[in-house]
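Only one structure is covered here, and it is reproduced in the block below.
Here, each number is a calculation from the coordinates, and none is a lab measurement. Values in this document were obtained by computation on a predicted structure and should not be read as measured data. In this analysis, Cβ positions are derived from the backbone assuming ideal geometry, glycine residues included, and neighbour counts consider all displayed protein chains.
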Amino acid sequence: MTNCTLLTWLSLVVLLPTVRLAVVKPKPITCAAVRNLYHTSRNGYFTLYDSISKPYLAFCDFQSDPGFAWTLIESLSTTNARTPKFSTGFYYNVPSSECTPNWSCYRLSKARMVALKNAPSSTHFRATCNFNSQSVKGLQNRRDYLRASFCAVNFFFAVKVNAACVTVDYINVRGHSCRKCSIPFWTSNIWHLHIDLPQAAASCGKFEVPNQVQSEDVFGAYWKVNPFFSCTATSASTTNWWIGGPYLK
């Protein structure tokens with residue numbers, strides 16, 4: 001190699017930019033991904049990322065169901081749940097307090113719910129009453145509780161559904177429960193996703209709950225409320241909806 005060639009080569013080396021390996025930070029989409037990434041088992045607020053990689057704060061429950069992680073998608077007090085704004089199914093985009101999650105008036109945008117539902121780890125949805133965010137152990141019992149698999153439900157984001165029979169994993173209303181039983185669901189532009197108890201007693205698997213009020217709905221669409229159903233015991237009682245699935249152990 002001549003001196004001229006050597007000098008040219010050295011000049012090119014100096015001019016070439018230094019290549020640095022970029023460290024790609026994981027961007028969890030679901031609470032199950034948070035659990036797998038950080039190996040945390042304590043309930044609380046964590047940063048998730050939506051379909052356009054925009055971060056947002058969400059509440060994660062790792063304690064209530066061993067092996068499952070749940071992401072809160074909506075929490076409404078009885079008062080707020082009965083307003084026209086929130087008397088709509090999950091097809092309709094009515095986000096509330098996304099930047100400041102709370103338990104009385106909170107709902108994720110439809111886009112963020114869809115991203116959660118479409119994540120590989122999201123297999124189920126559930127509804128709970130008066131979830132205590134301060135409890136490190138999550139739910140203390142399964143009274144007034146609903147859980148179902150997305151495999152059994154193709155209408156979670158439907159425009160309208162009337163009395164669609166679904167085999168739920170588990171349902172409990174005022175201590176009356178069943179497993180793997182068929183329950184009718186409703187949703188529309190004026191009905192939040194819910195179960196009509198009189199209709200549930202007469203159709204699908206005929207799930208009967210005594211001491212109903214007239215046209216009693218549970219887990220949403222509270223046109224008529226029963227003070228003995230814990231989600232509607234008081235005006236401040238809350239109904240909480242979640243999307244979740246198993247995490248790696």
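Observations on the structure shown:
- Applied to segment 75-83, the Karplus parametrisation 6.51 cos²θ - 1.76 cosθ + 1.60 on θ = phi - 60° returns per-residue 3J(HN,Hα) values of 8, 9, 5, 4, 4, 6, 5, 8, 7 Hz, with x for Gly and Pro.
- Relative compactness, the chain, computed as alpha-carbon Rg over 2.2 N^0.38 Å: 1.32
- Taken one residue at a time, the phi angles of segment 122-131 give Karplus couplings (6.51, -1.76, 1.60, θ = phi - 60°) of 8, 10, 9, 10, 8, 10, 10, 10, 6, 4 Hz. Gly and Pro are set to x.
- When the Cα positions of Ile73, Asn118, Asn189 are compared along the charge dipole of segment 31-246, Asn118 comes out farthest toward the positive end, with charges on each C-beta of Lys, Arg, Asp and Glu.
- In summary, segment 110-249 shows an alpha-carbon radius of gyration equal to 1.02 times the 2.2 N^0.38 Å reference for compact globular proteins.
- The slack in the chain from Arg42 to Ala236, taken as 0.36 nm per residue of separation less the alpha-carbon distance, amounts to 67.3 nm.
- Per-residue Cβ neighbour rank within 10 angstrom, fewest leading, Val159, Val34: Val159, Val34
- Residue by residue, segment 163-176 carries 3J(HN,Hα) couplings of 6, 7, 6, 10, 7, 7, 5, 6, 9, 9, 10, 6, x, 9 Hz when phi is fed to the Karplus relation 6.51 cos²θ - 1.76 cosθ + 1.60 (θ = phi - 60°); x denotes Gly or Pro.
- Residue order, fewest to most beta carbons within 10 Å, for Ser177, Ser230, Ser53: Ser53, Ser177, Ser230
- Taking a straight Cα-Cα cut-off under 22 Å and skipping sequence neighbours fewer than 8 places away in the same chain, the lysines within cross-link reach of Lys117 are Lys27, Lys54, Lys160, Lys180, Lys249.
- For the chain, the mean residue ellipticity at 222 nm estimated from helices alone is -4500 deg cm²/dmol, where every DSSP H run of n ≥ 4 contributes -39500 (n - 2.57) and the total is divided by all residues, rounded to the nearest 500.
- The chain: relative contact order in percent, alpha carbon pairs under 8 Å with at least 6 residues between: 23 percent
- Lys, Arg +1 and Asp, Glu -1 on Cβ, resulting dipole of the chain about Cα centre, debye, nearest 20: 340 debye
- 12 Å beta-carbon shell around Thr167, net charge (K/R +1, D/E -1): +2
- Dipole of the chain, positive end: most advanced residue of Cys31, Phe86, Phe131 [Cβ charges, Cα centre]: Cys31
- Shown for His192, His39: other C-beta atoms within 10 Å of each C-beta, ranked fewest to most, produce the order His39, His192.
- Environment charge at Phe90 (Cβ cut-off 10 Å; Lys +1, Arg +1, Asp -1, Glu -1): +2
- Two-site label geometry, Ser149 and His176: point separation in nm, points 7 Å out along Cα→Cβ: 2.7 nm
- Placing +1 on each Lys and Arg Cβ and -1 on each Asp and Glu Cβ, with no other charges, gives segment 134-249 a dipole about its Cα centre of roughly 380 debye.
- Net charge over other residues, Cβ less than 14 angstrom from the Cβ of Cys231 (K, R count +1; D, E count -1): +2
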